[in-house]
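The next block holds one structure in the form of structure tokens; read it before the comments.
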Amino acid sequence: MPDRTPIPGPTRIYVQAIPGGAQLDMAALTEQVIGDVLDALLDPADTGLWDRLHDLADTPRTPAEGRLPHEELVAELVTRSSSRIPVYGGQVLRLIEALRRSVAPRPVPSQREAGAA
């Protein structure tokens with residue numbers, strides 16, 4: 001498994017070098033988003049959200065009829081979910097360094113000599 005560099009902070013980020021760049025693992029943000037969605041679904045003040053979920057099963061629609069019901073629900077949940085993470089002081093510097101390391105030139109393994117296994 002390739003090395004993943006943890007970047008500790010208010011929201012943990014992992015950086016992994018991949019060919020040509022870096023991959024950011026934002027599992028902590030995903031957990032936050034799922035929590036936001038569950039909070040929205042379980043909000044006792046918004047019973048309309050459950051009604052719209054039931055309507056999804058009962059109301060088939062085509063794209064020609066306008067926005068599909070699931071697209072409307074996704075759009076609403078996106079507006080109610082986290083999309084930004086705070087990155088402060090030392091975490092910023094550690095993230096910069098991890099990203100720099102991930103894109104640093106790495107030696108390309110040489111080809112094997114003819115007949116070598």
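The values are calculated or read from the model by the stated rules, or taken from the named source; none is laboratory data. For clarity, every value in this text was computed on a predicted model and none was experimentally measured. Ideal geometry is used to build each Cβ from the backbone, glycine not excepted, and the neighbour counts take in all protein chains shown. All accessible areas refer to the heavy atoms of the entire protein, side chains included, with ligands and DNA or RNA removed. Shrake-Rupley method; radii C 1.70, N 1.55, O 1.52, S 1.80 Å.
Based on the mean of other beta carbon atoms within 10 Å per residue, what is the order of 77-86, 23-32, 39-48, 9-18, most packed first?
Details: 77-86: 12.4, 23-32: 14.3, 39-48: 10.7, 9-18: 16.4.
Ranking the peptides 77-86, 23-32, 39-48, 9-18 by packing returns 9-18, 23-32, 77-86, 39-48.
Taking amide hydrogens as modeled 1.01 Å from N in the peptide plane, which residues meet the under 5 Å criterion relative to Ile7, leaving out close sequence neighbours?
Placed amide hydrogens put Ile13, Tyr14, Val15 under 5 Å from Ile7.
Grab the Cα-Cα distance for Arg101 and Glu76, subtract it from 0.36 nm times how many residues apart they are, and report the gain in nm with one decimal. Present the calculation step by step, with values, prior to reporting the outcome.
On the way: separation 25, 0.36 × 25 = 9.00 nm, distance 3.82 nm.
Gain on stretching Arg101 to Glu76: 5.2 nm.
Which order do Arg52, Arg101 take by accessible area at a 1.4 Å probe, largest first?
Arg101, Arg52
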